[in-house]
Each structure stands twice: as structure tokens, then as C-alpha cells.
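What follows is one structure encoded as C-alpha cells, with my remarks underneath.
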Amino acid sequence: MTTLLQINSSLFAGHGQSSQLSDKFVAAWKEANPQVEVKTRDLSADPVPHLTAERFGAFLAKAEDRTAEQQAVVGFSDGLIDELRSADVIVLGMPMYNFGIPSTLKAYFDHVARAGVTFRYTETGPVGLLTNKKVYVLAARGGMYAGTTRDSQTTYVRDFLAFIGLTDVEFVYAEGLAMGDAGKQQALSNAATEIRQLAAPLRAAA
């Protein structure tokens, strides 16, 4: 059975455009693969704490030296990582806020990037340890940024995911959502079409 992990990061939870796009993607995936097990993490409804010196110190402490509070922090991080490790497919709903990713998503990234757990350093550089997974990113934006120097999200997210071993990443963009209703509806329609196209090979193989 395939396991799909859906992560939504909109401030508006299920009402956000990126969340609705990721819901469409998951629905299309389930249609193509009815046996899929879907796990969902909503970073608005259940936010990950932002990284502090104390929380980072818990990651650095040796297991035998951790306090109860530090072990709780590590255990929380381990739970997030276990979700990623058990997933075959990861679907990320991601809006753009002020040219960046939501701070809740950054906090999530900070808690799943763990030396010796999701990546390790070698003489030739870092090596990601979460491999053989497919990632789909549903990116919703008010303006038009893809392919321009103002698209700070795509390179950052690709680089971070590759850092922990997730190198097979595909983006679906819905842009110009704040630039008039006609453009918004066209962008959402185009994204929905792309989602169906991405699911089509799976449907044909099912």
C-alpha cells in the first residue's frame, strides 16, 4: 500500500488556495490509487513551535544527557520525521507570504532537519537520508513570480528537500491570484488541469 503524506501550510487552513489545490491533488491521486493511505498534517491547526536555542540544544545533546524537557522536544521531532520516513509520496500545499514560505513551514523544516537522522555530513558534503520518495508542491501566489528573481521559494524548497534526500520534486503553480478574478480563475483552472495530467499516468496504470 502506498502512503501519502499531505502537509498544508496556509494560514487559512483548508480555506487557503494552496490547501485546496493540495486537496485536489490528493483526490486525484486517490482516484488513481484507491488503496493509498493518506496522512494529513495541517500546520495552521497544529503548528510546529519555532526553533529556539533551547530546542536546538535538545537536538545537539547526547541521548543519555538529555533532560526530560529535551527528550520531549526530540520526541516531537522524531514523530514528524517518522511521518516523512513512512511516506512514499509527499504533497505540500504552500502559499507565498511576503516573498517567502510561511513561518510555520520554516519551523517544520527546522524540526525535520536533524544531523545523523535525516542527513549526515561526509568529506564530500551533506548526504540526505530520506530517499526514494516523490514530492509534489502546490504553490499558490498572489502575483507572478515563477521563473523570475523574485521567486525565492522554489530554489529554497528544492535545496532544503534535497538536503534531506528528497530530490524527486515537482511544482504546480497557481499565480496571479490577487490580480483580478478572471486571472485568478484561469490560474486555478490551469493548476487543476496540471494536477489531472500528473495523476493521469497513475490512473492509466491502475
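Brief remarks follow.
- Cβ separations smaller than 8 Å between residues 6+ apart or across chains give the following pairs from the range 149-167 residues that are without any contact (Cβ under 8 Å) to a residue 12 or more places away in the chain to residues that are in a loop (DSSP other than H, G, I, E, B): Asp151/Tyr145.
- Residue match in the range 91-99 (condition: more than 16 Å from the chain's Cα centre (by Cα), on the phi < 0 side of the Ramachandran plot and touching a residue at least 12 places away in the same chain (Cβ under 8 Å)): no
- Within the option set Gln197, Gln153, being surrounded by 15 or more Cβ atoms within 10 Å (Cβ to Cβ), out of contact with any Ser or Thr (no Cβ under 7 Å at 6 or more places or on another chain) and polar (S, T, N, Q) holds for one residue only, Gln153.
- Any hit, the range 9-26, residues being touching a helix residue (DSSP H, G or I) at 6+ places or on another chain (Cβ under 7 Å) and over 28 Å from Gln197 (Cβ atoms): no
- First in the range 18-33 and on the phi < 0 side of the Ramachandran plot and among the hydroxyl-bearing types (Ser, Thr, Tyr), second anywhere and surrounded by fewer than 19 Cβ atoms within 10 Å (Cβ to Cβ) and not in a helix (DSSP H, G or I), Cβ under 8 Å, 6 or more apart: Ser19/Phe12; Ser19/Asp42
- In summary, Lys134 fulfils each of the numbered conditions (1) closer than 19 Å to Glu31 by Cβ; (2) in contact with an Asp or Glu (Cβ under 7 Å, 6 or more places away or on another chain); (3) free of Cβ contacts under 8 Å to residues at least 40 places away in the same chain; (4) of a type outside the set (Phe, Trp, Tyr) with the single exception of condition (3).
- Of the residues making up the range 91-140, those that are of a type in the set (Lys, Arg) and under 16 Å from Ser44 (Cβ atoms) number 1.
- Residue selected from the range 68-90 under the condition of a type outside the set (Asp, Glu) and free of Cβ contacts under 8 Å to residues at least 24 places away in the same chain, by the criterion farthest from Asp42 (Cα to Cα): Ala68
- Selection within the range 162-181 - within 30 Å of Gly116 (Cα to Cα), buried (at least 17 other Cβ atoms within 10 Å of the Cβ) and touching a helix residue (DSSP H, G or I) at 6+ places or on another chain (Cβ under 9 Å): Ile164, Leu166, Val169, Phe171
- Counted as qualifying within the range 100-206 are the strands (runs of 3 or more DSSP E) with 1 or more residues that are under 18 Å from Ile7 (Cα atoms), namely 134-140, 168-174.
- Residue check, Ala139 surrounded by 19 or more Cβ atoms within 10 Å (Cβ to Cβ) and either at pLDDT 95 or above or more than 16 Å from Leu92 (Cβ to Cβ) (or both): yes
- Residue in the range 61-70 that is farther than 26 Å from Gln153 by Cβ and polar (S, T, N, Q) present: yes
The values are calculated or read from the model by the stated rules, or taken from the named source; none is laboratory data. Predicted model, so just to flag it, every value in this text is computed and none were measured. As a convention, Cβ positions derive from the backbone with ideal geometry for all residues, glycine included, and neighbour counts pool all protein chains shown.
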